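The values are calculated or read from the model by the stated rules, or taken from the named source; none is laboratory data. What you see is a predicted model; the values in this text were computed from it and never measured. Heads up, the Cβs are rebuilt from the backbone with ideal geometry, glycines too, and the neighbour counts pull from every protein chain shown.
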Amino acid sequence: MLKQLLQLNKSLSDKLFESGKGPMGSKVISEKAHGIKKKDVSTGAIKVIEQLHAADYQAYLVGGGVRDLLLGSKPKDFDIATDATPEQLKSLFRSARIIGKRFRIVHVRFGREIIEVTTFRDSHEEADGEHEAAQSEHGVLLKDNVYGNIKTDAERRDFTINALYYNPENGDLLEFSSGLEDLNARTLRIVGNPEDRYKEDPVRLLRAIRFAAKLGFSIEQATEAPIREHADYLSHIPPARLFEEVLKLFMSGSATATLNLLRDYHCLQYLFPSTDYCMNNGRETDSNMVSCATANTDKRIRQNKKVTPAFVYAAFLWPAMRAAMRHQIKEHQLSPHEAMQRAAQGVISQQLSYTAIPKRFLIPMREIWVLQLRLPQRNGKRADALMEHPRFRAAYDFLLLREQAGETVQGLGDWWTRYQAADDETRAAMKNELSKEPSKRPRRRSRRKNTKPSDSAQ
Ligand code: ATP
Ligand code: MG
């Protein structure tokens with residue numbers, strides 16, 4: 001009975017997808033059944049595929065581009081899989097550049113568009129030597145450059161919904177596992193044995209969380225089970241690669257959902273240990289600061305406004321920075337500025353052993369922090385001078401975030417909002433008002449004894 005039912009179910013779903021047999025035992029889903037239109041694929045991707053076909057190579061659109069088209073959303077970019085090797089691609093496309101060592105891919109440029117082209121992969125067990133595949137002591141693949149065919153390529157992909165191959169020339173969609181079914185059921189399912197796949201590349205733990213958050217998919221049980229248990233595998237990933245993942249996790253419009261899942265699956269501690277600690281053990285404002293930062297980033301992305309990792313990092317590390325600063329002031333009687341310098345150094349050096357932070361983000365991040373000490377000082381020419389600072393706008397936004405998180409900033413956010421919108425006369429009056437207020441700054445004493453906070457940043 002069960003067998004009959006299963007057979008009936010299979011023939012129904014075959015009918016639904018109008019599937020036929022394709023290359024290497026794949027299932028072919030026709031255009032009428034899957035609904036992807038060639039016109040929705042970028043010109044660059046179509047041209048690359050056409051040129052590859054003309055040179056007698058296989059070429060398919062694969063990964064996020066196909067997945068997003070099936071879901072009816074606009075793909076961020078298009079990835080192509082082919083049987084041409086990186087060298088063959090280089091001789092076929094003048095603009096081709098081979099990048100990456102661990103995983104060699106080819107970037108083909110078409111005007112402003114960059115198409116990522118990868119050669120079909122095979123299992124590393126098929127490796128010929130160390131130049132193709134290598135493993136770390138923890139079993140993490142350090143090189144994944146063994147080439148194969150479309151079937152082995154599908155087996156090397158991360159999730160079934162990312163392993164669908166679309167040929168825009170004849171409209172066929174090829175699948176080797178349950179990609180389309182999983183996509184329709186909004187389920188994230190890893191390809192192959194979950195434990196093995198996470199072990200050989202722990203970044204897949206983060207990718208599972210990222211796609212679940214971004215697409216609102218549920219994670220299939222066997223795919224989900226090892227995530228919490230093996231979150232520590234993330235410590236086997238070099239900081240530079242984790243930085244790249246952090247950008248994708250928090251700068252793609254689903255930062256809030258991603259943060260919640262990262263905490264839920266015990267993964268945040270391997271990316272931002274001090275943030276995780278402060279969110280679990282710190283003050284309410286600490287948790288608020290981080291969640292306000294993710295909500296703010298998501299909102300800005302929805303509004304097509306610029307977002308920078310410097311701001312996100314500044315907010316994520318702020319709770320630890322404040323705690324370290326309080327400690328420096330209490331234990332070493334430092335001025336707020338000195339305390340901040342020392343605190344920042346400690347917090348940043350700990351963070352760098354988890355995720356890299358390139359200098360172009362590190363410098364503005366520190367400036368955002370330092371400006372928090374200058375924002376309360378508005379007398380004389382200071383307010384106008386501060387507004388000229390290239391990081392003023394970010395520092396002001398950061399101040400509003402602190403206020404929103406529940407930090408006491410004594411109406412400073414509101415003052416700066418009004419000051420920026422005011423005309424010269426009103427500005428002069430606002431500064432005049434300030435000079436009438438009793439100074440909160442302690443009278444100048446020797447620096448070492450300056451133990452009282454003179455600003456609201458601690
Ligand atoms: P996005 O919308 O973020 O670009 P994506 O699925 O296209 O999502 P990419 O990082 O661009 O993600 O990767 C393209 C494809 O390459 C994926 O869809 C997947 O098939 C494969 N892939 C990427 N990273 C891995 C990995 N770590 N392990 C296995 N397959 C991967
Ligand atoms: Mg992609």
Point to revise | Pair list, Cβ under 7 Å, 6 or more apart: the range 381-405 residue over 20 Å from ILE363 (Cβ atoms), other residue crowded, with 16+ Cβ neighbours inside 10 Å and of a type in the set (Gly, Ala, Ser) | key: LEU400/GLY413; GLU403/GLY413
Practice item. Filter the range 40-82 down to the residues that are in contact with a helix residue (DSSP H, G or I) (Cβ under 9 Å, 6 or more places away or on another chain) and among the basic types (Lys, Arg), then identify the one that is farthest from ligand 1 (Cβ to nearest atom). Key: LYS74
Exercise for review: Please state which one of VAL106, VAL191, VAL140 is of a type in the set (A, V, I, L, M, F, W, C) and more than 30 Å from GLN221 (Cβ to Cβ).
Suggested key: VAL106
Review point. Out of the range 178-196, which residues are within 21 Å of ASP264 (Cα to Cα), within 12 Å of ligand 1 (Cβ to nearest atom) and out of contact with any Leu (no Cβ under 8 Å at 6 or more places or on another chain)?
Key: ILE190
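For the range 383-442, give me every one of the helices (runs of 4 or more DSSP H) that falls completely inside it and has 1 or more residues that are under 25 Å from MET289 (Cα atoms). Step through it out loud before you land on a result.
Working: elements: 392-404, 412-421, 424-436.
The helices (runs of 4 or more DSSP H) meeting that bar are 392-404, 412-421.
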Revision key, fill the gap. Of the residues in the range 136-146, those that are surrounded by 18 or more Cβ atoms within 10 Å (Cβ to Cβ) and either within 16 Å of ligand 2 (Cβ to nearest atom) or in a loop (DSSP other than H, G, I, E, B) (or both) come to VAL140, ASN145, VAL146
Exercise for review: From (1) part of a helix (DSSP H, G or I); (2) touching a helix residue (DSSP H, G or I) at 6+ places or on another chain (Cβ under 6 Å); (3) not assigned by TED's automatic domain parsing to the domain that holds ALA394, pick out the condition that doesn't hold for HIS266.
Suggested key: (1)
Review point. Only one of (1) loosely packed, with under 14 Cβ neighbours inside 10 Å; (2) away from ligand 1 (no atom under 13 Å from the Cβ); (3) assigned to a loop (DSSP other than H, G, I, E, B) is not met by ILE36, so which one is it?
Key: (1)
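Condition first: out of contact with any Lys or Arg (no Cβ under 7 Å at 6 or more places or on another chain) and either assigned to a loop (DSSP other than H, G, I, E, B) or among the basic types (Lys, Arg) (or both). Now tell me which residues in the range 148-163 satisfy that.
Step one: list which residues in the range 148-163 are out of contact with any Lys or Arg (no Cβ under 7 Å at 6 or more places or on another chain), which gives 149-151, 154-155, 157.
Correct list: ASN149, LYS151, ARG157.
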